[in-house]
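Student: Before I ask anything, here is the structure I am working with.
FYI, it's all coordinate maths here, none of it is from the lab. Not measured: the values here are computed from a predicted model.
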Amino acid sequence: MDDVVRILTEGFEGDPLLSWIYEDRQKYRKLSPDFFRAMATLSLSEGTVYIAAGREGALLSIPSGAAEMTPGELQIFKEEIQLVGQECSERLWGFLAAAHDNHPGETDHSYITYIGVLPGHRGKGVGSALVRECLKENPGPAYLESTSEHNRRLYERLGFRAMGEFKALGEAPLCPMWRNG
């Protein structure tokens, strides 16, 4: 778990959405590990955490057909998210609510929630390999949200197509993307 949290924390530093949520790098470095620990815990409950062999990248995913969180799991998740601090929680909950509200619900699909690659290993195929592994183990439709144009182009090469754009709390843009199985 510690490796996953470290990879995602370092891999998402400077990400446009998370920079908006945390407002500055100091807050990000202090508070984001708790957020990624909560997200990894949620993914581990379904057995869907992928780590590159060299520990230079990680991917979190919720597989097709996964059960919704139980009320107890939701309460634990909320408590873990509160660890990010009051100053960031409004933006974080705004993002999570916007992502939930814009998530396609009509078709069963896997949901790739986070893909992080350590800065020194970007552009070397680590993220692509993780996505391919996830899609191989979870055939069928898949969904994710891209927070940058660079990532969007990567996902398009992997067969995802943009579904438009929405903004968390009217400010932080996200591009939902879909891939047919």
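Student: What do the square roots of 5 times the Cα gyration tensor eigenvalues come to for region 82-181, in whole Å, largest first, as semi-axes of the equivalent ellipsoid?
Tutor: With the √(5λ) rule applied to region 82-181, the semi-axes are 23, 18, 13 Å.
Student: For a quick check, take a GNM of the chain with Cα springs below 10 Å and name the residue from LEU42, LEU169, LEU144 with the largest mean-square fluctuation.
Tutor: LEU169
Student: For the chain, give me the percentage of DSSP beta bridges that are antiparallel, rounded to the nearest 5 percent. Mind dumping the intermediate values first?
Tutor: Numbers: 19 of 21 bridges.
Taking every DSSP beta bridge with both residues in the chain, the antiparallel ones total about 90 percent.
Student: Another question, then. Beyond 11 Å, how much of the Cα-Cα pair distribution for region 86-135 remains, as a whole percent?
Tutor: Of all Cα-Cα pairs in region 86-135, 77 percent lie more than 11 Å apart.
Student: Taking every pair of distinct Cα atoms and averaging 1/r, then inverting, what Kirkwood hydrodynamic radius in Å comes out for the chain? The partial results should precede the final answer.
Tutor: Numbers: mean 1/r = 0.0608 Å⁻¹.
Final number for the Kirkwood radius of the chain is 16.5 Å.
Student: Under the rule of at least 5 residues apart or a separate chain, name every residue whose amide H is placed under 5 Å from the amide H of ALA168.
Tutor: Long-range HN contacts for ALA168: LEU174.
Student: Would you pull out the residues with amide H under 5 Å of SER64's amide H, same chain only if 5 or more places away, H placed 1.01 Å from N?
Tutor: Correct list: SER110, TYR111.
Student: Turning to a different aspect of this structure: Can you tell me which aspartates and glutamates have their Cα less than 13 Å from the Cα of LYS124? Leave out same-chain residues fewer than eight positions away.
Tutor: Filter leaves GLU56.
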